[in-house]
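Trainee: Just passing along the structure, written as structure tokens.
Quick note: the coordinates plus some simple rules give every number you see, no bench work behind them. On a predicted model such as this, the values are computed, not experimentally measured, just so you know. No Cβ is skipped: glycine too gets one built from the backbone with ideal geometry, and neighbour counts run over all protein chains shown.
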Amino acid sequence: MPNSADESAISTELAVLRQRIDDIVAGQQRSTAWYRNPSFITSCAAIFISVTTTVVSWYRTYQQEIASLRGQLASTLHQTAGIHLQNVELMAKYRNDQPSMLRLSTTLNAQNLLLAKQAYSLARELGSAASAASLTTVANSLMQSNEVTLAEDLLQKAIARAENSVEYIAALRVLGALQYYNGNLKVAADTFDKAVKAFTTYPNEAKSADYVNFTHAFTYMHWTQSARQSDCPTAKAKIELAEQHWQKLTEPAKTQMAPMGAELFQMKEFLKGCS
């Protein structure tokens with residue numbers, strides 16, 4: 001983004017231009033109206049053009065730097081996504097070789113931490129130009145490396161900056177999971193409850209009954225996954241609510257979302273041993 005040196009240069013030039021106007025006005029004869037003096041009008045026009053050119057140039061530089069930062073952030077997030085995929089593949093490949101899996105996972109986590117902090121710096125540098133979706137994605141990468149304080153900072157910003165229900169709900173789900181991880185059960189429950197009530201904040205985005213029920217089922221599944229380690233009763237209650245919304249889906253929607261349905265019933269089965 002434009003630095004203080006750029007802003008200082010612009011301020012200096014504007015000060016010089018203002019002084020030129022003062023000098024021109026002071027040099028006019030009192031008996032002559034300014035609008036009848038061609039040289040004065042010409043000078044003012046030149047000053048206006050100069051100021052406009054300076055401002056336009058500054059704005060173009062600003063936009064170019066924003067675009068560059070967004071490109072760097074997208075590239076960094078793409079790399080972190082690749083690392084997460086590698087980690088999943090390694091867990092499957094070395095599930096019977098814990099020492100190798102631990103060694104490789106440690107290496108990948110170190111790489112992820114480096115990239116996540118780089119993404120965090122880029123997001124901070126973008127300031128208000130960073131989208132809620134980008135902030136949530138960066139926060140999720142930070143959480144993978146246990147940088148929970150930095151992650152929560154970005155998630156709070158993402159919630160405040162959300163422009164639609166998708167961005168709003170996604171940020172709340174991740175924040176709720178983080179709060180459960182930190183042991184803040186009541187706060188986490190309140191956060192997930194906000195996600196469930198998102199369509200009261202964005203009523204125009206409740207496009208269809210299937211869309212609303214799918215979104216709620218997915219949110220309750222996230223709630224279940226987040227709560228099951230520390231609050232089994234809540235996890236069991238939320239998986240029941242997830243199933244209720246799943247059952248409300250039309251048959252075509254259930255067919256389309258079959259993988260999510262399978263995961264839901266697997267989670268419900270797993271929770272039978274949870275107390």
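Trainee: Take the Cβ-Cβ distance between Gln98 and Phe270 as r, set R0 to 30 Å, and report the resulting FRET efficiency rounded to the nearest 0.05.
Mentor: 0.85
Trainee: So which of Lys207/Lys236; Lys197/Lys236; Lys197/Lys238; Lys157/Lys197; Lys157/Lys207 end up more than 22 Å apart by C-alpha?
Mentor: Lys207/Lys236; Lys157/Lys207
Trainee: May I ask you to order 258-268, 228-238 by the average number of other C-beta atoms within 10 Å around their residues, highest value first?
Mentor: The peptides rank, most packed first, as 228-238, 258-268.
Trainee: Right, something else. With a 10 Å radius around each residue's Cβ, average the other Cβ atoms per peptide and rank 241-247, 104-110, highest first.
Mentor: 241-247, 104-110
Trainee: Taking the simple approach of a point 7 Å from Cα along Cα-to-Cβ for both Gln229 and Ser68, what is their distance in nm?
Mentor: With each label point 7 Å from Cα toward Cβ, the separation is 4.0 nm.
Trainee: Across region 224-230, in residue order, what do the Karplus-derived ³J(HN,Hα) couplings come to in whole Hz, using 6.51 cos²θ - 1.76 cosθ + 1.60 with θ = phi - 60° and x for Gly and Pro?
Mentor: Couplings: 4, 4, 6, 8, 5, 6, 10 Hz.
Trainee: Another question, if that's okay. Between rounded, prolate and oblate, where does region 162-275 land on the alpha carbon gyration tensor, with a ≥ b ≥ c its root eigenvalues, rounded for a/c under 1.5, else prolate if a/b exceeds b/c?
Mentor: It comes out oblate by the Cα gyration axes.
Trainee: Let me ask another. Provide the packing ranking of 181-187, 166-172, i.e. peptides ordered by the mean count of other C-beta atoms within 10 Å per residue, highest first.
Mentor: 166-172, 181-187
Trainee: Say R0 is 22 Å: what FRET efficiency, to the nearest 0.05, do Lys254 and Ala206 get from their beta-carbon distance?
Mentor: 0.70
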